[in-house]
Amino acid sequence: VLPGGSAPGEPLERSVRAALEAAGVDASRGGLRAWLESQQPGAAPAADGSVGSAGGGGLGDARSSGLRRALMQLVGVDSLLWAYDLALRLRAYGLRALATLACTGAKLALLSSERADSLRVASEHSGAAVAVARASVLMSNLFDVYGFELFELGFFNSDPHPGNVLVMPDGRLGLIDYGQCKRISVELQAALAEVIVAVAEDAPDAVVAAAFRKTGFRSEHDDELFTAAIARVMLSRVDPRMMRGKARKELFGSDKIAHFPPDLMSVWRAVALLRGSALSLRCNISPAECWREKASRLLQARRAALAGGV
């Protein structure tokens, strides 16, 4: 047992936020909405040049495509994230070297000052991309741990607040304070897995709503669109439109939640805390996409067991 404050490493959010700010990325709460808006398709890139999990031209675009799924199945998510991080680092090192040479060239009148400045800005933006990529890798690993707990163990920590996740001196994640653990039933595990797959595959609202009802969720009018929307809000990337009062009012104006099972609420609490930490580090992660593979394996195993009469 380690007394408080004696665990090695430092809190994930503090460590990564410092790296982001050192690279020039606005990691303040006030800049969150602007950053989310910049990640939408067709939006202008963030002013600091950062590329988040849902960013244009980076890993985020691949995550919503068939190419991303094929790559994950071929090489695995860890290898894919490692390669993405390495590519960004190599690009950053190259641009920094060019920027240094450009400054020298400008001083020797071998290169225009405008060209030297453009290379310097590109180097700074590349450094921001590396910092965000590191945050993305750490948060993806954390989500992967929770996917393992939910769909392979059926036993998870329902309180993954930022202070309970550490970055160890060797770069690994350290998880502490498992005092609020929760065991979920096999039935809820399977129902949740079904919703995860439906949301990750962007299934029709009827399919998503039917799967979500199996978790025990109920709305006052049993509105299909409302039920599917709640599941997508809970398990997809954060949509900046839902941060506006008008969008929330329209959603809850059509129907209202009548029953949200306590066991499902524990899962939702963990998801909300994980996504909150990810967003504070400029990573907009979809739990459904992260957990789709594990959820699919659980459903396949369950079907095989039922077919075999187990």
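The values are calculated or read from the model by the stated rules, or taken from the named source; none is laboratory data. Nothing here was measured: the structure is a model prediction, and the numbers come from that model. So basically every Cβ, Gly included, is an ideal-geometry build from the backbone, and we count neighbours across all protein chains shown. Keep in mind that these areas ignore ligands, DNA and RNA; they rest on the heavy atoms of the full protein, side chains included. Shrake-Rupley method; radii C 1.70, N 1.55, O 1.52, S 1.80 Å.
How charged is the neighbourhood of residue 247? Take every other residue with its Cβ under 12 Å from the Cβ of residue 247, and add Lys/Arg as +1 and Asp/Glu as -1.
Details: positive: 241, 244, 246, 248, 249; negative: 239, 250.
That sum, taken over residues with Cβ under 12 Å, equals +3.
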Rough spin-label spacing in nm, given labels placed 7 Å along Cα→Cβ, for residue 178 and residue 241: 4.1 nm
task: Output the Cα-based Rg and Dmax of the stretch 139-289 in Å, rounding Rg to one decimal and Dmax to a whole number.
output: 15.7, 52
field: Charged-residue dipole, Cβ positions (Lys, Arg, Asp, Glu), the stretch 166-298 about Cα centre, Debye nearest 20
entry: 460 debye
- prompt: Roughly how much of residue 186 is accessible, in Å² to the nearest 10, using a 1.4 Å probe?
  reply: 80 Å²
field: Carbon plus sulfur fraction of accessible area for the stretch 208-310, probe 1.4 Å, in percent
entry: 56 percent
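Suppose accessible area is computed on protein heavy atoms with a 1.4 Å probe; arrange 225, 298, 281 from highest to lowest.
Details: 225 110, 298 25, 281 0 Å².
From most accessible down to least: 225, 298, 281.
Would you mind estimating how fast the stretch 210-300 diffuses translationally, via Stokes-Einstein at 37 °C and 0.692 mPa s with the Kirkwood radius over Cα pairs, in µm²/s?
On the way: Rh = 14.3 Å.
Rounded, D is 230 µm²/s.
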task: Give me the net charge of residue 163's neighbourhood, meaning all other residues with Cβ under 14 Å from the Cβ of residue 163; Lys, Arg count +1, Asp, Glu -1.
output: -2
Rounded to the nearest 10 Å², the accessible area of residue 176 at probe 1.4 Å: 60 Å²
- prompt: What does the accessible area of residue 265 come to, in Å² to the nearest 10, when a probe of 1.4 Å is used?
  reply: 90 Å²
task: Take 238, 208 and sort them by solvent-accessible surface of the protein heavy atoms, 1.4 Å probe, largest at the top.
output: 238, 208
